[in-house]
Every structure is written in C-alpha cells, then in structure tokens.
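Contents: one structure, followed by commentary.
The values are calculated or read from the model by the stated rules, or taken from the named source; none is laboratory data. Here the structure is a predicted model, which is why all the values come from computation and not from measurement. Glycine gets a Cβ as well: all are built from the backbone with ideal geometry, and neighbour counts include every protein chain shown.
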Amino acid sequence: MGALESVVVTQSLMPVISLQLSLTALGLAILLAFLPKVLPTKKIKYLIPILLITGAILFINFELSLWRHDSSSWFWDSHNPFISSFSAVMVFVFFLALIIKIKNPITTVKGSITAKVITFFAIFIGITLWQVTAVKTVTNVAVDAQNKIKFVETILNKNLESHITSLTRIKTRLEAVNADDFIKMANIDLKIYTQDFEIISSMLLLDEDLNYISGTTYSKQFTNDGLISTTPITNWLKAAKNEVRFAANSATLDTDTPIIMFSIPITASNGKKYQVLALLNLNLLIENRYIDYLSSFDTFIELTPKIYFAIDKNQKNVQDLNSLLSRYSKHYIVNEIVVRGLIKHNVYSFIKDYSKLKEAAQIEQMIIWLTFAFIYILILATDSTFLLRQQSIVLHKMAKYDELTGLLRRDALNAEIEAKQVNCVDVNCAMVFFNLDGFSAVNNSLGHKLGDMVLQLVAKRLKKNAVGAGAISRFGNDEFVLHYCNISKQQLSDEITLVIKSLADIYNLGEVDIHLTVSVGIAMSDGEVISPALLLQQADIAMDNAKALGGNQFCFYHKLMDESHNFMVTIRSELQKAIKNEALEVYYQPIYNLTTQCIVAVEALVRWKNNGSYISPAVFIPIAEQTGQILQVGEQVLTQVLNDISTIAELQNICVAVNFSPQQIQQRNFTEKLYKLTSEKNILPKLLTIEVTEMIMSEKGAIEEVLKALMNKGFNVAIDDFGTGYSSLSYLSRQPANIIKIDREFTIGAELAGQKRALLEGIINICTQLNKTVVVEGVESPELIGYLSKFNNIRIQGFYYCKPMPLDKLIEYIHSNK
C-alpha cells in the first residue's frame, strides 16, 4: 500500500505510508512468523514484562507525538502525524501479537475460511479507508500550500504592474515639462510619490552618465554604498529602453530592507536623457493580508541561489537552501512562478503549523481502532461459534464414540448397524463378541491407567486387523463387538483367527509386558431376518462357551448353547445370592507327612449348597472366574479361614493352604493387605500357604513379583496341579514357591512299576534337590502309599486318608489321629 501510494500520488506534501514504515511493518511480520523457530520460547517468556514496558513506551511516544499541540516527543519523531498515528497502532498490534505468541506458541486461528476471509478484508478495507482519507487530507493541505504560492505570484505581478503604471505616468508628465523646470518638477514628483507610497523607500534622479543629480533621503546613502555602481546594475541602467523596467541583485536584496529598483528612462523637452530610479521595499511588495488564512505555511521565494526571500513578515530571509531545509521538516511544496511573464523563480511553501493535520490524523486514527474493534468482535463471535460447533461435534462424538478407544459406544452400535443394513438386504450378517480373558486381574493388579492403555492397544489392533467389519464397538469394560455384512463363514473364520492372534501378542506397557487372550463368540444370520439384538445375544452366548472351553478361541453359536448358557446364567445368579447371604462353606482336607504319619497341613476348599444339594466347585468356580465373582468368593473363603485359624487351636499348629485366583493375586497391594489381615488376627505368616494353580504362572511379570513378596513376608507359596499347565521342568528352579503339589494326573497308575512311576519319581527327586516341599495329590491306594514311603518327608493328600470335611469334623479327625 505504501508503494501504491508513491506511484498513484505524484504530488504529495508528505507520505501517509512511507517506504520506511512499510519496510518496518514487513520486518516485524517476518519476525512474528519465524519467532518460534528462532527463539527458545520457554526462556523468552521471562522477557514479557520487558516487552510490555518497551511496547508501552513506544506506544505512548507515538501517541504523544500525535496528540500534543507541540512537536515534542521522547525520541524519534517524523513530524508526520499520519506516520505517528499508524506507528502507534503498529506498535500496539506487534507487541500484543508478540506477547500472545510467546505465551502461546502453538496458538492457531480458529473458525471457518469464510470468517478468516472476512477478517482479512475487514483489515484491508479499514486500512485502505484510513489511507485514502489521510491521503485526501494531505492532498487538501498540499493544495493550500500551492494556492499560497499562486496567490504570491498573483499579488506580486499585480503590484508590480500597478507600480509600473504609476511610474509610467511620472515619465509621461516629466517628458512634457519645460526643460527649464524639469529638475524642479522632477524633485517635486519624486518627493510626492515617495510620500504617497509607503513601499517606495526612495527615488533618485540620474543624468545620462548615471551621475546622481537629486533624490530623497535614503537615495544618497544608497548611492554612496555603491549599490548602483556595480557592474551588473550599471550595465542594466545603460541598456535603458524607453519603458519602465525593474531589477534587483544580491547587493540590493541581501539587506534588512531588500530593494527592487525600477528604472524610468526620461527624455526631457530639450533632448537631454535622464533616469528616475525608484527603490521599492520588497518586504512591502506582497500584501500578507490576502494570504493570512494560509499562515500555517511559511513561504520563501528563491530570488537568487543565495537569497531565499521570506514572504511572511515574521520570518527572516535565508541565504541557502540547505539552511532553509534544516530549519523546517521535509514537508513542503515547491512551485515555479513567473514574474511579468519573463522572470522565473522557485517558491517553497513549508508547513509551519501541523495542528490541522494532527486533528485530521487523530480523527482518522479512529478508523483503524474501530476496524480492530470490529475484528475483535468478529473473532470473538467466530471463536464462540467455532467453540459451540466444536462442542457440538465433541458432544456428538462423545454420544457416539467411546472416549478411551475411539470405537462406537454400545448405545450407538444399533444405529450404526441399522444404517449399514440398508445395503445388506438378503445377505449374511454376523455379530462377533469379544471378551478379554482375565482382564479384570490386570486392572486390579496394575491399576486402571495401565488397564486403559491395554484397551487402547486392543482397539488399535481391532481397527487394523478387522478390515471386513462394518462397525466396531466397545460394548463393555473389556468387551468388544464387531458387525459384518455380506461375508461367508469361512471368510469370517479366517479374519477372526487373525484378529485373535494379533490380540494375543504381548502388550508392551513400558515397565511391564502383559499377555492377554480373548474369547470370541460369533452369531450369523445366514440370510435370515434376525434382529441385531438377537444376534448380539447369540454371540454373547457363543463367547461364554468359548471362555468355558479355556479361552483364546472363537465359537460359532448353535442352538444347543442356549441350554448351557441358561444354566450358566442360573449358576451366576444363584451364586450371587449365596455370596450376598454368606452361604458359602469352607471344608478342609488334611495333608500328611508320610514319614512322621502326622497331619502337617490342611487345604481349605470352598463348598456351595444350593436347594439342598452341593454344586461341584468344578462347575461354579469357572463361572465365577468368568463373571468376576471369584473375587467375592475368595474374599469370603479367606475371611472364614482366618477366623478359623485365630479361634481354633488345632489349626494354629499346622499350615492352612488357601486357593487364590489370578484376579485376587493381581489386586493392588495384595501382599500388604494379606499381611495386615493376618497381623490383625495374630496369625503367623508361616501358618498360611497361598496356593495358586500352575496356570497362573502364564501371567508372569507382576504375578511372580507378588509371589516373591509373599515369600519374603514369611508366607508359604504352593504351586497346585504342577505338571499340567504352563511350567516346564527347566522353569521349576525359578518358580517363586517353596511347595510343589504334584497333580493327580501323575499318581494315577503310579502304584505299579512303569513310565508313570518313573515320571513321578523323577519329579519328586528334582523338587527335593531344589529344596521344594513336595505334596502328592490324589493318593487313593495303599500300594501307592507303600511306594511313596521311600521318600523322606514327602507329603500326601488324597482320599486314602480322608475327603474334605467341615471344621468340626476336622477337629475330631485331628484329635483321633494324634
């Protein structure tokens, strides 16, 4: 815009947007654009107070330059009120933007493209309107300066013409006078003319040889000073023509009373030649009363390169242009005037009084402030609209998508399926139900933060591998649902197999690695019209079946599963009632030291009587593990066992083994809580054995650390069902347990010599060498007892001695077997 102004406005008193201001604005814009890349924004934040003070000082300086009546300022001042006006705005905007950018280096402009375009054009139109108005103001002032020059030219020529006319009348009258009276009449005319015209400083009469004849008071001094004897003046006078002429040189002008000489050639009646020389005071030649209204300008005529005549009475002449320019600013107009159509002079008109321009600049600055006020309101409105739109989007997204995983919410799944089924008429549809195996144990042991990380990774793997799914939803805490359309059973089997494999990969959570499996149920419509809700229910039933089969697999729904599912639902419901009513019982099975023939320990086993008959733990324990009820079951059993130990003396001399599920072991601060419970009951840790199945060792990581911590506290740790699950013999030495319970799978048939006996003997020998206490489970025959008797301090548990029994029967049994 500054460049455009310099091209379009050819004659300007002052620039509204100077080249210097344009370059400064460009430099500041570049600085703002690259500030985060150049400066460490975190460190520069400490400079904000300094920037605030600097910006305030600069802003106040420019505003003072604009609003004060004088031109004083603290430092740099261009005397251009428009530049001061715009500089104040530019400083305000720059330092405001700089501070905002330092405090918020990643701030982005919000709102629509339309709002941004409107903002840009509002700024452009506002600045353009300000510039156009300011340029018009400056142009009008420049016109006043030019008018003053024109008036000077007009007045000067008019007055010169008037005096030439008057002096011509003197010439006519004296040429008509009698020769004898010529000198007398000439002196009278000179005296009268000098008295009548204040502008005439003096008049003198010269003969043909330019000798002084007579004159008024000032003329004699003028002659004696040699002002007419200079070569230029002498030559001018001798070249006299029969007309009134005027002239001046530096000698006559460079005085307190600058003189213009008018030569009036006269030929007397007797033929003698004379010249009347009128000396006009140049200070009085131009009447200021006609141009007083233009007094805001000081005007100078360049009479000679070394004499700049001041038109205004209160100003002095200046001897050279540089002195003149140094006295004033560079805001002036220079035009050429023509005197009497012959002589040309440059006339300079300088601004003396900036008050008119300042008043205009003050008013016009409001255009910019109003523009920024409009932009501020627009940005607020746009930002509010944007935030409302974003909030609407967020609310819609929150209503539709799960915040943690980004998958569809449970309540949004049906709507998504209905939308998909518009294009899935008369084709196979499938619902796939996922449930993470043992996820609750992860939450309980590692905390919900790491649990949430696992769920996020599961969601990512589902999105990546379930490429054929039309909808993916997080159905519950650790449950996910996939919906498929137009897919065959084989295609679905292949894809779900790939998904299960991907979900079984290790979850690297930084400090720990988690291994999870998933149970998957699939229900297909096979072209039948089945509601999504029914498909989902069938998939859920199939998932329960997959979990009952050990997990880490998928099952397709078939009608026979309904009966099994209904049974599981019944067990779950009845078990919850038993837990609520504390109807679970604890039975104990003795463990013998075969060498000493003494009862050295008992194993606490949960029993549940429902509707008059006992339900096998093999039935309800797996269901409790699936539903999470195992935590409540384990808590009731542990509470009952600790109460029994603390109150029954017979139990205080032997170890009591209690079975714990993985979910219990992985609860946060499990070791500390258990130790606190035993301490409150005054039970020594060595009297309690924490018994876990070998399958629990598949969890590794956190589980191992918990078991080690338990042993460090003095508790016994027993690995139950050894040899049937995860462990290998190579892992035996590293197991965090001091008791190994060999599963009955190894005792069946071991009473006879053969491979079974050899395998059992090998395991016993290895455990003995590793200082592990060995408990052989499932011992039922005297032959096996006879064989095991050869091992020192081996322990026996099985029906050969007794079955699990309630506490009162156990006490009697202990007393009868002392």
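Selection over region 460-473 of residues that are in a helix (DSSP H, G or I) and either more than 28 Å from the chain's Cα centre (by Cα) or in the same structural domain as Ile665 (by TED's automatic domain parsing) (or both) gives a count of 5. Exactly one residue out of Leu549, Leu534, Leu560 is within 27 Å of Arg461 (Cβ to Cβ), surrounded by fewer than 16 Cβ atoms within 10 Å (Cβ to Cβ) and without any contact (Cβ under 8 Å) to a residue 60 or more places away in the chain, and it is Leu549. Residues that are surrounded by 21 or more Cβ atoms within 10 Å (Cβ to Cβ), touching a strand residue (DSSP E or B) at 6+ places or on another chain (Cβ under 6 Å), modelled with pLDDT of 90 or more and more than 25 Å from Glu704 (Cα to Cα) do occur in region 766-779. Kindly indicate whether Ser323 is assigned to a helix (DSSP H, G or I) and modelled with pLDDT under 85. Considered against the rule, which asks whether it is assigned to a helix (DSSP H, G or I) and modelled with pLDDT under 85, Ser323 comes out as yes. Looking across Ser202, Ser162, one residue alone is surrounded by 17 or more Cβ atoms within 10 Å (Cβ to Cβ), closer than 29 Å to Tyr290 by Cα and either outside the structural domain of Arg340 (by TED's automatic domain parsing) or polar (S, T, N, Q) (or both). It is Ser202.
Among the residues of region 485-500, the one identified as modelled with pLDDT of 90 or more and in contact with a Gly (Cβ under 6 Å, 6 or more places away or on another chain) is Glu495.
Being out of contact with any Ser or Thr (no Cβ under 6 Å at 6 or more places or on another chain) and either at pLDDT 90 or above or assigned to a loop (DSSP other than H, G, I, E, B) (or both) is the filter here, so list the residues in region 742-757 that pass it. Listed by number, the residues that qualify are Thr747, Ile748, Gly749, Ala750, Leu752, Ala753, Gly754. Residues of region 651-686 that are of a type in the set (Gly, Ala, Ser) and over 26 Å from Pro804 (Cα atoms): Ser679 alone.
To keep it simple, each residue is scored yes or no on (1) in contact with a strand residue (DSSP E or B) (Cβ under 6 Å, 6 or more places away or on another chain); (2) closer than 30 Å to Lys790 by Cβ; (3) modelled with pLDDT of 90 or more.
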| position | (1), (2), (3) |
| --- | --- |
| Ser573 | no, no, yes |
| Lys580 | no, no, yes |
| Ala583 | no, no, yes |
| Pro590 | yes, yes, yes |
| Ile599 | yes, yes, yes |
| Val602 | yes, yes, yes |
| Val606 | no, no, yes |
| Thr627 | no, no, no |
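In this structure, is Gly476 within 21 Å of Leu492 (Cα to Cα) and surrounded by fewer than 18 Cβ atoms within 10 Å (Cβ to Cβ)? Against the criterion (within 21 Å of Leu492 (Cα to Cα) and surrounded by fewer than 18 Cβ atoms within 10 Å (Cβ to Cβ)), Gly476 does not qualify.
Of all residues assigned to region 272-283, at least one qualifies as being part of a helix (DSSP H, G or I) and within 30 Å of Val141 (Cβ to Cβ). Evaluate the following for Ile645: is it part of a helix (DSSP H, G or I), buried (at least 20 other Cβ atoms within 10 Å of the Cβ) and in the same structural domain as Lys741 (by TED's automatic domain parsing)? Considered against the rule, which asks whether it is part of a helix (DSSP H, G or I), buried (at least 20 other Cβ atoms within 10 Å of the Cβ) and in the same structural domain as Lys741 (by TED's automatic domain parsing), Ile645 comes out as yes.
Just a yes or no: is a residue in region 719-732 of a type in the set (Gly, Ala, Ser), modelled with pLDDT under 90 and either crowded, with 19+ Cβ neighbours inside 10 Å or within 20 Å of Arg795 (Cβ to Cβ) (or both)? The answer is yes, given that some residue of region 719-732 is of a type in the set (Gly, Ala, Ser), modelled with pLDDT under 90 and either crowded, with 19+ Cβ neighbours inside 10 Å or within 20 Å of Arg795 (Cβ to Cβ) (or both). Report yes if some residue within region 141-158 is assigned to a loop (DSSP other than H, G, I, E, B), surrounded by fewer than 16 Cβ atoms within 10 Å (Cβ to Cβ) and in the same structural domain as Glu287 (by TED's automatic domain parsing); otherwise report no. No, there is no match, as no residue in region 141-158 is assigned to a loop (DSSP other than H, G, I, E, B), surrounded by fewer than 16 Cβ atoms within 10 Å (Cβ to Cβ) and in the same structural domain as Glu287 (by TED's automatic domain parsing). If you go through region 197-229 and keep only what is part of a loop (DSSP other than H, G, I, E, B) and at pLDDT below 85, you end up with Thr216, Asp225, Gly226, Leu227, Ile228, Ser229. Kindly evaluate Phe222 against the criterion of being touching a strand residue (DSSP E or B) at 6+ places or on another chain (Cβ under 8 Å) and touching a residue at least 60 places away in the same chain (Cβ under 8 Å). No, not satisfied.
If you go through region 281-295 and keep only what is hydroxyl-bearing (Ser, Thr, Tyr) and modelled with pLDDT under 75, you end up with Tyr290, Tyr293.
Does region 257-295 hold any residues that are farther than 23 Å from Asp312 by Cα and among the charged types (D, E, K, R), and which are they? Result: Lys272, Lys273. Residues of region 322-336 that are over 22 Å from Phe151 (Cα atoms) and exposed (fewer than 13 other Cβ atoms within 10 Å of the Cβ): Asn322, Ser323, Ser326, Lys330. Of all residues in region 248-258, those being farther than 18 Å from Lys344 by Cα and either buried (at least 18 other Cβ atoms within 10 Å of the Cβ) or free of Cβ contacts under 8 Å to residues at least 12 places away in the same chain (or both) number 4.
Across region 265-311, the number of residues qualifying as within 30 Å of Ser214 (Cα to Cα) and of a type in the set (Val, Ile, Thr) comes to 4. Can you find even one residue in region 579-588 that is surrounded by fewer than 20 Cβ atoms within 10 Å (Cβ to Cβ), under 30 Å from Lys673 (Cα atoms), outside the structural domain of Glu479 (by TED's automatic domain parsing) and free of Cβ contacts under 8 Å to residues at least 24 places away in the same chain? The answer is yes; a qualifying residue exists.
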